[in-house]
1. Using a 10 Å cut-off on Cβ atoms, rank the peptides 509-520, 623-634, 482-493 from the highest mean neighbour count down.
2. Whole-Hz Karplus ³J(HN,Hα) for segment 124-141, in order, using 6.51 cos²θ - 1.76 cosθ + 1.60 and θ = phi - 60°, x for Gly and Pro?
3. Give me the extension gain from Ser10 to Lys445: residue separation times 0.36 nm, minus the current Cα-Cα distance, reported in nm with one decimal.
4. Sum up the charges of everything whose Cβ sits under 12 Å from the Cβ of Cys609, counting Lys and Arg as +1 and Asp and Glu as -1, but leave Cys609 out.
5. What aspartates and glutamates sit close enough to Lys651 to cross-link, taking a C-alpha to C-alpha distance under 18 Å and skipping anything fewer than 8 places away on the same chain?
6. Counting pairs of alpha carbon atoms under 8 Å apart in space and at least six apart in sequence, what relative contact order in percent does segment 5-115 give?
7. With the dipole of segment 295-659 worked out from charges on the C-beta (+1 for Lys and Arg, -1 for Asp and Glu) around the Cα centre, which of Ile605, His363, Phe628 lies farthest toward the positive end?
8. Using the Karplus equation 6.51 cos²θ - 1.76 cosθ + 1.60 (θ = phi - 60°), what ³J(HN,Hα) coupling, rounded to whole Hz, does each residue of segment 477-492 give in order, writing x for Gly and Pro?
Amino acid sequence: MAPQRVVKLSLKKPTSAVCVAGVETLVDIHSDVPKGTKNFDVSGSSKLDIFVAYDSTRVTEPAGKAPWPLDTSVEVIVSTDKASKDFNDLKVTVAYFGAEGGEALGRSVLLLTCVDVSLDVDTDRVGKVRRSGRDKKTWRWGPEGHGAILLVNCDKDSDNSVGPDLQNSRLMSLEDLQDMSPMVLSCDGPDEVFRSHRLVLKAPWPDARRLRVFCAQGGDPLSDYQQVLGPQRRSHEVERQPGQRQVPFYVEGLAFPDAEFPGLVSLSVSLMDTGTLPEEPLFTDTVAFRVAPWIMTPNTQPPLELYVCSVMDAHGSNKKFLDDMAHLASKANCKLVICPRVDNRNDRWIQDEMEFGYVEAPHKSFPVVLDSPRDRGLRDFPKKILGPDFGYVTREILYGGPSGLDSFGNLDVSPPVAVGGREYPLGRILVGDRFPKSVGRRMAKVVRDFLWAQQVQAPVQLYSDWLSVGHVDEFLSFVPTSDQKGFRLLLASPSACLRLFQEKRDQGHGEAAQFEGLKDQAQRSINDLLADKRLRSDSLYVQRCIDWNREVLKRELGLAEADIVDIPQLFSLQGTRAEAFFPDMVNMVVLGQYLGIPKPYGPVINGRCCLEEEVRALLEPLGLHCVFVDDFLSYHKLLGEVHCGTNVRRKPFPFKWWHVVP
């Protein structure tokens, strides 16, 4: 530990100085020395640690109690670990001697007063503030890492708050303190020192825009918690009361990591000596925070709430669909939340409007909904979810409007995976995009920047622009399994569908018809479908698009072919982009082991839909329960399916994100 301050001694009178507990002070033994001095001796109070540093190539340490040579390489360093009880209660004496020893040629006296000044946070990530020997200035990832964590205060704990709590410059609720990170300033020592010194709390300018600090004055009323740092205030002189040993603070995060903000902020306290002009910091202590990232949860996490919209429009009511979702939620022991028409304005695509995630610090965790920039009928609903311990964040497109790829059916996340020796314990975010180095639709840069900046779920870009709607949930899904792998990737497969239909025709079922039982929908026999050259050509083109994504997913998620299940599905091209020919079965809602799968209305053979039977044969041996839901008129005909019309809030990961090594 390098000395923090140099104190010069005088032969004429004692020198008085202030030191800080745990911080070394360099005593200048060379500036005022009696004529003829060759050696010196140093002694001090029992509470002081006195250390002589020297260059061993020039000086030999004296034996016994012999004095030290007064070489220019010799330095005296003192320190103590406890604050003084009285002013000038610590003493250091330096005696100077000639070459022959004898009586001292002179003596210098240093009177020290020690104060304990320390800014402390939850550096060890245990959920409470305690003094730590770790480097508080730095923040390190990993299970052996250190550094405090800051939550973005994006929930709404008070009914008096118009929006998220972070929009309020004053504390609106005592419960709001639980969303902040505690910070403690230790300031123990004689009051006389603090009357001649100032304690100044500071935030660097970029960081002050991304946090607030509230000082606790000791009472319960809200008025006892005053904002002392924030976007409009970078420094604050701490009001220490006589005899006060600690001053508590609460730190509030205002911004998530983003393109221009890596997520790190710092605060410092300085002990300023008012006896110098200009004032000089006698000591500065700095702490670092990392803002907790927004984290998505994959289908493998247990469901907590299933969201679905109640609609009534020109296409009719979706009451039957709501009843089916209620039945499915009941089986999965999951709460059903119905968004009423007054809140959705007949916008049924609740998956596209928002994505559920969460934030976590060692002392607190709560869900946070990410609101997409699509802003259709459901645009206000995510804000209505905002409440106590339920946060909200969004990213707005400032120039131009959103594309279809900005809806969050185009956003997914894998289960935890390992790739080439590297682990992703929180999975990897999947974003649909245009084909690399080509022209096409993309998710808005502000959203992509936000997702990439969170760091802990390293996003992967897929190719989804080949679809009319353009969402990754049209060709992939993940389902949990009880085996060692823990999940399977489901991919829509035109080739698997054509093979299945070929098998059924070879078995003599060529006249079995697709769409049997549907009114106002032309039935197509297996023979007819297999003979349709355009449908075959379209589906094989789609298969090539999916195969391109398949290779990316295998490479980026570390998957083998055994980890992938091909779900039979046909597509047709409308212009240059594809749409599902029949209800898209991978576009399902996953509630634990219960799967709400779009009913495909496939050819009925021996009284059973052959597509449903094939999917059951693929998934039920994995411990899954397939529940087929009729969404043909209320969703499929509108270019969406079950997943598009639902949304699920899930349990957070048990794994702590700060243990990740990005």
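Just so you know, all these numbers are worked out from the coordinates, no wet-lab data involved. Predicted, not measured: the structure shown is a model, and the values here were computed from it. Don't worry about glycine lacking a Cβ; one is built from the backbone with ideal geometry, like all the others, and counts go over all protein chains shown.
1. Per-residue Cβ counts within 10 Å, averaged per peptide and sorted highest first, yield 623-634, 482-493, 509-520.
2. 8, 6, 10, x, 8, 7, 8, 5, 10, x, 6, 5, 7, 6, 10, 10, 10, 6
3. Value of the extension gain: 150.1 nm.
4. -1
5. Cross-link targets: Asp155, Glu305, Glu355, Glu360, Asp389, Asp412.
6. Contact order relative to length: 39 percent.
7. His363
8. Going residue by residue, I get 7, 10, 10, x, 9, 9, 8, 4, 5, x, 6, 10, 8, 9, 10, 4 Hz, with x marking Gly and Pro.
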